[in-house]
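Some notes on the structure that comes next.
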Amino acid sequence: MPAPISVVIPTFDAADALPACLEALMEGLHGGLIRELIVSDACSTDHTLDIAEEAGAKVVTGPPSRGGQLRRGCAQAKGDWLLILHADTVLQQGWSETVSAHLPSGKPAAFRLAFRARGIAPAWVAGWANLRSRLLGLPYGDQGLLVPRHAYQSAGGFPDQPLMEDVALVRALPKVTVLNTRAFTSAERYERAGWIRRGARNLWTLLRYFLGADPQVLAQAYRR
């Protein structure tokens, strides 16, 4: 019987981050969980594709747009489950046991968010994200998403948009379970912009999206 999970990772010049993400996935490969690795790249100019090919990934290429990249990558998946990860996300050791126990439920899931940084601010931002995920059923893509492929298809998949593609998908899925295992993500953007300022910007962006703002416009403002 084939392994159940297709891992899909969108990339763009991710050579520095991708190796750690892939290394953490090895326990799932050894445990018989991972069927295939799909890297959906947006014309990287560094060694991202070399790293992906060396890891045995199926590489899909196309124009930049995280939603479009994820849509292209998921379209190639053959597993019964999709595990969607950002290239700078590293799953906590032991994640495969938690995922194995969850699969029989057939429900979409996400991991608890944690940052690869120490201090009160990282803990506060991660705590809020995890509370939002549990109470509102609204995790973000940097927490990783584990979705039955049939549920993904029934929800219409990722929209081809540059921002909030994760929110759009999650809102179309049944309520997402938060697993008791962490996904460690990069703190670089928060450290560069400031934790409070970045957190406030994220909330403002989410509110504008809910109010109907164009994701293209939101993406331009988000990246400034």
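Read-outs throughout are calculated quantities, based only on the coordinates presented, and are distinct from any laboratory measurement. As the structure is a prediction and not an experimental result, all values here were calculated from the model. As a convention, Cβ positions derive from the backbone with ideal geometry for all residues, glycine included, and neighbour counts pool all protein chains shown.
Highest mean packing first, where packing is the average number of other Cβ atoms within 10 Å per residue, the peptides 36-44, 90-98, 114-122 line up as 36-44, 90-98, 114-122.
Shown here: segment 84-158, whose C-alpha atoms stretch 40, 26, 24 Å along the first, second and third principal axes, sorted largest to smallest.
Averaged over residues, the count of other Cβ atoms within 10 Å places the peptides 72-84, 54-66 in the sequence 72-84, 54-66, highest first. Here the sum of -39500 (n - 2.57) over DSSP H runs of 4 or more residues, divided by the residues of the chain, equals -13000 deg cm²/dmol at 222 nm, to the nearest 500. Between the amide H of Ala187 and those of Arg116, distances stay under 5 Å, these residues lying 5 or more places away or on another chain, with hydrogens modeled in the peptide plane. Semi-axis lengths, largest first, of the ellipsoid equivalent to segment 4-155 are 23, 19, 16 Å, with √(5λ) applied to each eigenvalue of the Cα gyration tensor. Per-residue 3J(HN,Hα) values for segment 61-66, derived from phi via the Karplus relation 6.51 cos²θ - 1.76 cosθ + 1.60 with θ = phi - 60°, read 10, x, x, x, 2, 4 Hz in sequence order (x marks Gly and Pro).
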